[in-house]
Amino acid sequence: MKTTDLIGTAVSNTFRSKTRTLLTVLAIFVGAFTLTLTSGLGTGINAYIDDTLAGIGASDIMTVTKNADTATDPTSTEPEKYDPDAVQSGVGPATTTVTALTPDDIDELATIDGVLEVTPVISVTPDYIETESSDPYVVSIAGVMEGQSAQLAAGSMIDDGDDLELLLPTSYVDVLGFSSAEDAVGATVTIAITDNEREQHLIDATIVGVADETLASPAGAGAVANDALTDALFDAQSTGLTDEEADRYAQATVRFADDATDDEIADLKQNLEDAGYTGTTVEDQLGAFTAVIDGIVFVLNAFAIIALLAAAFGIVNTLLMSVQERTREIGLMKAMGLGSGKVFGLFSLEATFIGFLGSAIGVVLAMLAGTALSSALSGSLLADLPGLTLIAFDPASIAVIILAVMAIAFLAGTLPAARAARADPVSSLRYE
Amino acid sequence: MTRTPVLAARDLRRSYGRGQNSFDALRGVSFEIFEGETVAIVGKSGSGKSTLMHVLALMDEPTSGTVELSGTDTRRLRGRVLNKVRNRTFGFVFQQFFLTPKATVLDNVTLPLTIAGVPRSERRARGMAALAQLELADKARSKANDLSGGQKQRVVIARALVNQPRIIFADEPTGNLDSTTGAIVEDILFQLNRETGITLVIVTHDETLAARCDRRLVIRDGELVDETRRAAA
Ligand SMILES: Nc1ncnc2c1ncn2[C@@H]1O[C@H](COP(=O)(O)OP(=O)(O)OP(=O)(O)O)[C@@H](O)[C@H]1O
Ligand SMILES: [Mg+2]
C-alpha cells in the first residue's frame, strides 16, 4: 500500500463513525483550546515584559548605588546622625537613603573585577515644561541608558546628536495644546530649571517622538531627554556649584559582559558588595514579577495538559472500539497481503489525524477567542497598560502545540494499532 | 507426464491448542492441484475444510507438512515476500462477504490493488473492468451496503479476480445465496475458469456444485478420505 493511500484510507476511516470521532475530537479540542489560550497568555505577558525590559535597559547593565556608611536601622527611632553625602533614592514610601557617588567612587567602580564600563546617572529636576500656547506643567526628565528603547506612539527615537531632543509622554500631548501625537512631533517646548542660586533657566528642545507610558518606560511617566539635552539641563542646574559639588550622583550604571553567566553576575554583585556598593540588575527588578507570571502560566498549562491526557484515553478507547469493529476487515486486508506494519500505520495515522483535527480546530478557535478577548480587554480593563496584548500567539508555539497534540494522539493510538497489527488473519476472519 | 502442480499439499497437519485440549483439525493431508483445475473440497461441518483452505492460501501455518506453490516450499516465504505472493497469486471469496459497507463498490473491488500499491488511475480502470465482467459497472459508485445479496457476492468475486490471480479460493461461495442466485455465481466462476484458465479451489457443502468441479477432495475429521476425478469432459 502506498503512503498516500494509507493516509487517505486512515482519514476516510476517521469519518466512518462520525459521532464517535466527533466526541473524541471534542475532547482533544477542549485540551488544545485551553493549552493555546494559556500559552497565548504566557506569550502575551512575556512579550510585554520583554518590551518593558528593553525599556528599562539592556540585560548587561546593573544599577549601582553606594551603601550608607553607617547602616541605619529603619525601625530605629533614635535621632540619626547627619551625613552630608546622603541622598534620598526611590520615591514614595519605599525611599531608602543611599550615599551619593563621587567621581572617586566612579573610578573605584571601574576597577572592580567584572565591570566593563561605568556611567554615572545624571539626574535633573526641571521645574516645568510648556509650549508657547500652553500653561506650564510639572515634568520629570530622564536620560536613556545604552540599549534602552521606548514604545513610540509617533515620531522617532531620540538620537545622540548635538540637537536638544526629547520624547514626550502621551499624557502631555493634550495639555501642551497638541491635537494629536503626530502634531506634537517636531514642535518646540520650553523647559524651566532652577539652579542652586535660585535662578531659573529656560531651555528649548525639540519633540522628536511621543512615547507610550508603559510600566517601565525609561522615565516612567516623564519625558526622555537625549544626552545633549540632559547635559544642557545639568549644566543649567549646576550653575554656581563647584565641580566637586556638582559631580554627585545618586547612582551609576555599570556594564558587564553581555554573555555573563548567572554565577558571574552573582560574583560581580559580591565584589560590589565587598567594595561597599549595591548592584541591581534588570532581572532583579522584574524577577519576582516574571516568576509569578511563569508560575501561573505553568499551572494553567498543567491543567490543559491534564485535559489532553484525558482526551488521549478517549482516543485509545475510540480506536480500540474501531479495531474491534473492523476485526474482519483487518483480517481480510491481511489475507490479501497487507503487512502488519501497514496495519499499524493505518490505525496510528487515524489516531494522529484525530489529534490533528482536534488541535487544529482548538488552536484556530482559541486564536480567534484570544484575539477578541484581548482586544476587548485592552479597550477597557487593561486600558492603562498600553502595549499589553494579554493573549498573544506566536507561530512557533502554535506549531508546537499542534505537533505535541498529534504526538500525544499518535502515542495513544499505538496500543490499538499494535493490537490490530498483531491480529492473526485466520482468527480475525473467523471472528463473529 | 510430470507437470509441476500449481499447489501441492504434503502431509499437512494442523492442531489447535495444547496438551489435553489439543485438537487435530488436519491429520496428514496430501494432494496436488494443477494449473487450470477446478477442485471442490467437501466434507461435513467441522471436518477441517476451512482450516485446509487457510493453510493452502498461506494465511495459516501448518503444524507440520508443507505447502508447495509451483514447486517452491512456501515455508521459506516470510513477511513482505509472503504478503506479496498472497496478494499477487490468490483471490479470495469467503463464507461471508466481508465488504466494507460504507465504502463504494469500486473501492471494495480495488482493495487488493490498493494493498499492492497500484496507482489510482490504473486501479480505477482495472476495477471497472472487473465490475463490467460481472455486469455491475453501473453500481460502481453505490455504497456496498446498498446491494442485494447476489450483487454483493458478485462484487466479492470481482474483488477476487481484480488482481488477476492464478488461484481463486472460494469458501462456500453460494452458502449465503438462494439457489438461483447461487447458480448464477457458480456459472460466473466456471466461466472464468474456462476463459482465463484460473485455478478454482472451492470449499462447499453443495453436492451439485462439487459435481461441476474437475475433482472432489472429501475431508472427514481432518483426513482426506476420497479423491474422485470427474470423467474428463
Ligand atoms: N482457532 C481454533 N481453535 C480451536 N479449534 C479450532 C479453531 N479453528 C477451528 N477449530 C476447529 O477445527 C475444526 C475444523 O474447523 P473448520 O472451520 O476447518 O471446519 P469446516 O470444515 O470449515 O466447517 P464448516 O463447514 O462448518 O465451515 C473444527 O472442529 C473447529 O472447531
Ligand atoms: Mg468452513
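The values are calculated or read from the model by the stated rules, or taken from the named source; none is laboratory data. On a predicted model such as this, the values are computed, not experimentally measured, just so you know. Cβ coordinates were reconstructed from backbone atoms using ideal geometry, including for glycine residues, and neighbour counts include every protein chain displayed. The protein model used for the area step is the full one, side chains on, heavy atoms only, and it has no ligands, DNA or RNA in it. Shrake-Rupley method; radii C 1.70, N 1.55, O 1.52, S 1.80 Å.
So here's what we get for this one:
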item	result
Any hit, segment B:65-81, residues being surrounded by 14 or more Cβ atoms within 10 Å (Cβ to Cβ) and within 8 Å of another protein chain (Cβ to nearest Cβ)	no
Residues satisfying the stated conditions in segment B:96-106, i.e. open to solvent by 50 Å² or more (accessible area, probe 1.4 Å) and either facing another protein chain (nearest Cβ under 9 Å) or closer than 17 Å to B:Leu56 by Cβ (or both)	B:Gln96, B:Lys102
Test: residue in segment B:88-111 that is modelled with pLDDT under 90, within 22 Å of B:Leu7 (Cα to Cα) and of a type in the set (D, E, K, R)	yes
Residue within segment B:135-143 that is open to solvent by 20 Å² or more (accessible area, probe 1.4 Å) and within 13 Å of chain A (Cβ to nearest Cβ) present	yes
Meets criteria (within 10 Å of another protein chain (Cβ to nearest Cβ), within 16 Å of ligand 1 (Cβ to nearest atom) and touching a Pro at 6+ places or on another chain (Cβ under 6 Å)) for B:Val93	no
Hits in segment A:257-290 (condition: assigned to a helix (DSSP H, G or I) and β-branched (Val, Ile, Thr))	A:Ile265, A:Val282, A:Thr290
Long-range neighbours under 6 Å by Cβ, at least six apart or interchain, first residue part of a loop (DSSP other than H, G, I, E, B) within segment A:416-432, second within 16 Å of ligand 2 (Cβ to nearest atom)	A:Tyr431/A:Arg328
Single match in B:Glu61, B:Glu35 (criterion: within 16 Å of the chain's Cα centre (by Cα), open to solvent by 20 Å² or more (accessible area, probe 1.4 Å) and more than 16 Å from ligand 2 (Cβ to nearest atom))	B:Glu35
Filter result (under 14 Å from A:Leu332 (Cα atoms) and polar (S, T, N, Q)) within segment B:107-129	B:Asn108, B:Thr110, B:Thr114
Checklist (1) at pLDDT 90 or above; (2) more than 13 Å from ligand 1 (Cβ to nearest atom) applied to B:Thr72, failing item	(1)
Failed condition for B:Phe23, given (1) open to solvent by 10 Å² or more (accessible area, probe 1.4 Å); (2) more than 14 Å from every other protein chain (Cβ to nearest Cβ); (3) within 20 Å of the chain's Cα centre (by Cα); (4) within 16 Å of ligand 2 (Cβ to nearest atom)	(3)
Number of positions in segment B:184-227 that are over 17 Å from B:Gly48 (Cα atoms) and more than 16 Å from ligand 1 (Cβ to nearest atom)	23
Inter-residue pairs, beta-carbon under 8 Å, first more than 10 Å from chain A (Cβ to nearest Cβ) and more than 8 Å from ligand 1 (Cβ to nearest atom) and in segment B:42-62, second among the acidic types (Asp, Glu) and not in a strand (DSSP E or B), 6+ apart	B:Val42/B:Glu207
Residues that are of a type in the set (Gly, Ala, Ser) and surrounded by 21 or more Cβ atoms within 10 Å (Cβ to Cβ), drawn from segment B:204-224	B:Ala210, B:Gly222
Of all residues in segment A:4-17 being more than 8 Å from chain B (Cβ to nearest Cβ) and touching a residue at least 12 places away in the same chain (Cβ under 8 Å), the one that is farthest from A:Ser348 (Cα to Cα)	A:Ser17
